[in-house]
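The values are calculated or read from the model by the stated rules, or taken from the named source; none is laboratory data. A quick note: this is a predicted structure, and the numbers were derived from the prediction, not measured. Positions of Cβ are backbone-derived with ideal geometry, glycine not excepted, and every protein chain shown enters the neighbour counts.
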Amino acid sequence: MSANEKTDAEWLLGDRGEIYRMSRSGAVYQCRIWVPDERKYLRRSLKTTDLETARQRGEKLILETLSDVASGRKLFGISLGELVDKFLDWRHKDVGIGVITEGRFGTIQSQCRALLRTKPRSTKVAELDANSFYDWRQMRTSDNPSITPVTIRNETATIGQIFDFAYRNGYSHIPKMFFRPIKISRDDIGKRDTFTLDEYDEMVRFLRTYTAKKLCPDEEQRTERQKVRDYILTLSNTLMRTGELRQLTWADVLGYEDRLDTTGNKVCLVQLRIRKKPQKFAEHELSGCAGENTSND
C-alpha cells in the first residue's frame with residue numbers, strides 16, 4: 001500500500017465534504033472540503049480514529065467552512081508573518097490618532113516578535129485552529145524560562161487581538177483563540193521599588209559630578225547632561241511615569257510652595273496636572289526633596 005493512499009473514504013452532507021484516512025497518518029480520520037472561489041481543498045485532521053466521531057466532526061467542519069466561504073472569508077494564502085505585519089500596520093495608525101502611545105506600540109511589536117519565535121513566519125494561518133496557542137504559557141516558558149506570568153497573560157491578549165483582526169478582515173476562519181487560564185497571584189504582579197535614602201543620596205552625588213564643569217568642560221555637552229539630570233531628579237521626586245513626564249508642559253505646573261515635613265525639614269510641594277492619556281488630565285499634588293519622596297493625591 002502506498003504511503004499516500006486514501007482509505008475508508010466517505011462523503012458527507014451531499015458530497016459537500018469527504019472524510020477519509022491516509023495510510024501515512026495511521027488510523028486518524030481527515031476531512032477535505034472543496035473551496036470553489038480559491039480552487040483548493042481545505043484539509044483538516046479530525047483527530048479521531050472513531051468513524052462516528054469523525055462523521056460528527058466532519059459535518060461540523062463542513063458547515064463552518066461553508067459559512068466562512070459564504071461570508072467572503074479567505075481560507076488560504078496568508079502566512080502568520082504577513083498577518084502580523086498587517087496587524088502592526090493597523091495598530092500603528094492608532095499611534096497617530098492618540099489611541100495608543102509609541103511606548104505601547106513598542107510593547108505590541110515585542111509581543112509579536114515572541115509570537116513569531118514560537119511559530120515561524122511561514123506558517124499558514126489556514127493551518128491554525130482555535131487551540132493552536134492554548135498552551136501558550138508552556139510554549140513561552142520553553143523559549144524563555146524566566147518570563148513572568150503577567151507578561152505571558154499580556155501576550156495572550158495581543159494574540160487574541162491579532163486573530164480578532166484576522167477574522168474581521170477575512171484572513172482567518174477562527175473567530176476566537178482559546179488559551180489555558182493563567183492565575184496571577186499578588187506576588188507575580190510585584191511592585192515598583194523606590195530609592196532608599198542612601199541610594200537617593202548616592203544618585204544625587206553622582207549627578208552633581210556628572211554635570212560638573214571640571215569633568216565636562218564642553219558647554220553644549222554639559223547642557224545636555226544637565227537636562228538628563230533634571231529629568232532623572234524630576235522622575236525620582238514626583239514618582240511620575242516617564243510617559244507622564246514627557247507630556248508635561250509648563251502650563252501643567254499649577255503651583256508650588258515650601259512646607260515643613262513631620263521631621264521639621266523644608267520640602268517643596270508642587271501641584272502638577274498629570275496627563276493620563278493624550279488630552280486627558282488628572283490633578284495630583286506631588287512633593288519631593290533630596291532624601292524624601294512623597295506623593296499625595
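Below, the figures for the structure above:
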{"item": "Residue, modelled with the highest pLDDT, within region 233-260, restricted to residues that are of a type in the set (D, E, K, R) and surrounded by 13 or more Cβ atoms within 10 Å (Cβ to Cβ)", "result": "252"}
{"item": "Helices (runs of 4 or more DSSP H) contained in region 112-230 and holding at least 1 residues of a type in the set (S, T, N, Q)", "result": "136-143, 149-168, 197-210"}
{"item": "Residue in region 46-66 that is over 33 Å from the mean Cα position of the chain (by Cα), under 20 Å from residue 126 (Cα atoms) and assigned to a strand (DSSP E or B) present", "result": "no"}
{"item": "Among residues of region 89-139, those that are within 18 Å of residue 174 (Cβ to Cβ), aliphatic (A, V, I, L, M) and over 17 Å from the mean Cα position of the chain (by Cα), counted", "result": "4"}
{"item": "Residue among 88, 42, 83 that is of a type in the set (A, V, I, L, M, F, W, C) and touching a strand residue (DSSP E or B) at 6+ places or on another chain (Cβ under 9 Å)", "result": "42"}
{"item": "Some residue of region 87-104 being within 30 Å of residue 34 (Cα to Cα) and surrounded by 14 or more Cβ atoms within 10 Å (Cβ to Cβ)", "result": "yes"}
{"item": "Residue identified as over 25 Å from residue 138 (Cα atoms), at pLDDT below 90 and not hydrophobic (A, V, I, L, M, F, W, C) among 86, 74, 93", "result": "74"}
{"item": "Identity of the residue in region 98-111, without any contact (Cβ under 8 Å) to a residue 60 or more places away in the chain and not in a helix (DSSP H, G or I), that ends up farthest from residue 159 (Cα to Cα)", "result": "99"}
{"item": "Given (1) in contact with a Ser or Thr (Cβ under 6 Å, 6 or more places away or on another chain); (2) hydrophobic (A, V, I, L, M, F, W, C); (3) without any contact (Cβ under 8 Å) to a residue 12 or more places away in the chain, index of the condition residue 95 fails", "result": "(1)"}
{"item": "Output for region 225-251, where each listed residue is under 30 Å from the mean Cα position of the chain (by Cα) and small (Gly, Ala, Ser)", "result": "236, 243"}
{"item": "Residue within region 60-81 that is at positive phi, without any contact (Cβ under 8 Å) to a residue 24 or more places away in the chain, exposed (fewer than 14 other Cβ atoms within 10 Å of the Cβ) and not assigned by TED's automatic domain parsing to the domain that holds residue 163 present", "result": "no"}
{"item": "Residue match in region 271-291 (condition: out of contact with any Gly (no Cβ under 8 Å at 6 or more places or on another chain), outside the structural domain of residue 98 (by TED's automatic domain parsing), modelled with pLDDT under 85 and among the hydroxyl-bearing types (Ser, Thr, Tyr))", "result": "yes"}
